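Q: Have a look at the structure that comes next, please.
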Amino acid sequence: MRPAHLAIAVLATLIAAGNHAGATDRRSERPVESIASRTAGDPIMAIVSLHNQRITVYDANGWILRAPVSSGQKERETPAGIFSVIQKDADHHSNLYDDAYMPHMQRLTWSGIALHGGPLPGYPASHGCVRMPFDFAERLFDMTELGLRVIVAPTDAAPVEIVHPALLLSKPGAGVVAAARNAEADEAGRKADQAKLVAGTAFREAAQAMAPVRVAENLKLRADAQLAAADTAFGSAISAEAKEQAERAKAQAVAKIADLQVQLAAAKTELQPKLDALTTARQAAVVAETAQVAAAEAARQVAREREPVSVLISRKTQRLYVRQAFEPILESPVTILDADRPIGTHIFTAVERTNGETNMRWNVVSLDGGRPPGGVVESQARAGGGHGRDVEPMLTDSGSAKSALDRIVIPHDVLDRIAGIAPRSSLIVTDEALSSETGKGTDFVVILSGEPQGGIKIRRRGLGPEAEFRYDLPRDRMRYWRSPFAGPYSTW
């Protein structure tokens, strides 16, 4: 009987293991969702819920894509906070983890936190990155651009529309100025092309007029040589007949030279206006090309000024920071009322223009809402629940976000120096200081200090003086000259 009991026990164990594996497989087989009720727009934001192990992508009108993820395992947790896509590589391999394949990688920090395709076991299992289904990672990679805002939320969050007088406006007339600069650049380009054509025509006409001059000069040189030979023959002649013959040769050479002199003078007279016209045309082409370069640069400058602007206000440092196109623009003190009281972390995003050029429609995501008292929230997927993935994200409490804006006082001169707000611009209000991950080639990186940061701590590097950035109080932008890290950006 004992062998029979043992066989039954082994069989029961195998059945239980199979059931557990099946349950795990079912948990990992979570669907990718796409919005079907409308046409999806361009992504402006992605929110990763560590609690629900899910990523949700939003356009200006709501969510458009959802998929399961696998974030960082215990002690290598994906840090919660605010990031942006700063690099894209469709065929990336890790330089830190045994050349691990990370397809359709979208980097969030230079130290190695990223979104990428990977296996999803149904629970947090990565070394700090956010793994997504392979097909979904490829699809998202094709849709996104550098600068896409990525929010890693401890629980879950969803943007909600907000209106508040403190939210920044677009500069009036910015669109008109941009259109005018583009028109000027186009016109300058047309004039430069026309000037090059005129110069080319003048060159060809001058070259044609130069031919008779060259012919006359060459014939005159030959006649001069004949005259010199006749002189030599006359000097060496002994007989009267030889001298007479040399004298006739000299006379013919002198007559020919005189005739060629007249031809050469006439050819040069005809050539000179052509040369003058060529000089004028070339000068005009240089002037037109210079004007074209200046107009094109002016148009590019206006276009740069219309790129999304990121503004961050830190309660910890009591300062305001501005970045645009991954570059620091300015830094200024800012007043936060009741500064000893927490203000939370809120991300306000300008999603689209309304009422012409000036007004913007804004939404907000708050990272301190929905948290149960008592600190860190363990993901339901890791705890074995799994049902949290099917729960709709928790909408941000706009009242809390408005209260945060009510406490901010930005000096008027600083507001005047902030470039006009364009869609995808953002305003971040937070208790946190800037993360050390904010550096060259990044937007603002804010990491929630009250959350596990294992996945970023194991990557932390010693930053040299070249990686420390200051914000210019003047209007001039800061120039960068070196990489912020000892190794290449692709080192993980």
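Q: Tell me, what is the per residue accessible area of the range 303-365 in Å², probe radius 1.4 Å? Please report the intermediate quantities before stating the final value.
A: On the way: 2430 Å² over 63 residues.
Per residue, the range 303-365 has 39 Å² of solvent-accessible surface.
Q: Note down the relative contact order for the range 221-295 as a percent, whole number, built from C-alpha pairs under 8 angstrom at least six residues apart. Walk me through the intermediate numbers first.
A: Working: 27 pairs, mean separation 20.3, N = 75.
After rounding, I find 27 percent.
Q: A follow-up question, please. Protein chains only, probe 1.4 Å: how do LEU169, LEU278 rank by accessible area, largest first?
A: Values: LEU169 100, LEU278 15 Å².
From most accessible down to least: LEU169, LEU278.
Q: To the nearest 0.05, how large is the calculated FRET efficiency for SER400 and THR317 if R₀ is 25 Å and r is the Cβ-Cβ distance?
A: Working: r = 21 Å, r/R0 = 0.86.
E(calc), rounded to 0.05, equals 0.70.
Q: Rounded, prolate or oblate: which fits the range 213-286 when a ≥ b ≥ c are the square roots of the eigenvalues of the alpha-carbon gyration tensor, with rounded for a/c under 1.5 and prolate only if a/b beats b/c?
A: Details: a/c = 7.60, a/b = 4.08, b/c = 1.86.
In terms of gyration-tensor shape, prolate.
Q: Now a separate question. Could you order the peptides 335-346, 423-434, 47-58, 228-239 from most to least packed, using the average number of other C-beta atoms within 10 Å per residue? If you can, show how the numbers build up before the last one.
A: On the way: 335-346: 15.2, 423-434: 21.8, 47-58: 25.6, 228-239: 12.7.
For the peptides 335-346, 423-434, 47-58, 228-239, the packing ranking is 47-58, 423-434, 335-346, 228-239.
Q: For ALA100 and THR279, calculate 0.36 nm times their separation in residues minus their Cα-Cα distance, and state this gained length in nm to one decimal. Intermediate values should be presented prior to the final figure.
A: Details: separation 179, 0.36 × 179 = 64.44 nm, distance 6.32 nm.
Separation in residues times 0.36 nm, less the Cα-Cα distance, equals 58.1 nm.
Q: Let me know the volume per residue of the alpha-carbon convex hull for the range 134-196, in Å³.
A: 184
Q: Can you give me the % of accessible surface on the range 221-304 that is carbon or sulfur? Probe 1.4 Å, all protein chains present, nothing else counted.
A: Values: 3350 of 5520 Å².
Whole-percent figure for carbon plus sulfur exposure: 61.
Q: Looking at the range 87-202, send over the antiparallel percent of its DSSP beta bridges, to the nearest 5.
A: Working: 8 of 11 bridges.
Percentage antiparallel, nearest 5: 75.
Q: Okay, next question. Computed FRET efficiency, Cβ-Cβ of ARG341 and VAL176, R0 56 Å: what is it to the nearest 0.05? Write out the running numbers ahead of the final one.
A: Values: r = 43 Å, r/R0 = 0.77.
FRET efficiency, ARG341 to VAL176: 0.85.
The values are calculated or read from the model by the stated rules, or taken from the named source; none is laboratory data. The structure presented is a predicted model; accordingly, all values stated were derived computationally and were not measured. Reconstructed Cβ throughout: ideal geometry from the backbone, glycine too, with neighbour counts over all protein chains shown. These accessible areas exclude ligands, DNA and RNA; they are computed on the full protein's heavy atoms, side chains included. Shrake-Rupley method; radii C 1.70, N 1.55, O 1.52, S 1.80 Å.
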